[in-house]
Amino acid sequence: MRELMTVKNVDERYVYLSLNVDKVACASCALSGSCSIQNESSKKGIFKIDKRNVNQDLLPLMPGDLVVVDFKYNPAILSLIVYGIPLAGFILGTLIGYLLKLSDIVSFILALVFTGVGALLTRIYDRKYKIEIIDVRRNTVTISTETTEQLS
């Protein structure tokens, strides 16, 4: 899946991107007003990409540049991985506790341990998952001759 994003900030190591939100599409959405993506003060819509993983031909990136980003997987699949693996661990831990006829408290603790293992597996997968910048549209600012005369 490809998305159009805006470069918000660039530092020595990371490029920070934010989603471009179509205000017209958001106005017709049922979640309008309660969505975290539409709220620009929220940090939830910010993606951080390591500069070492960006194609060197696309650098330097400047704040305001538009970039086309390729998410290798469908968001539904990513949600299934992020929420499904720990949930499956919880269910598996509960089932093992039930089948071994352990007490309810021990079964619950075992389920929490399996949930933690599932969350660790998700973190390991998250490190391997990389967002890739495919194309850049530079934000060119034209300076008029009057402005350049005022600067000199």
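The values are calculated or read from the model by the stated rules, or taken from the named source; none is laboratory data. Predicted, not measured: the structure shown is a model, and the values here were computed from it. Here Cβ is always computed from backbone atoms with ideal geometry, including for glycine, and neighbour counts include all displayed protein chains.
As a summary of the residue check, residue 23 satisfies the conditions (1) among the basic types (Lys, Arg); (2) farther than 22 Å from residue 11 by Cβ; (3) at pLDDT 70 or above except for the one numbered (3).
Within the range 75-133, the residues that satisfy the criterion of being among the β-branched types (Val, Ile, Thr) and over 24 Å from the mean Cα position of the chain (by Cα) are 91, 94, 96, 105, 106, 109, 113.
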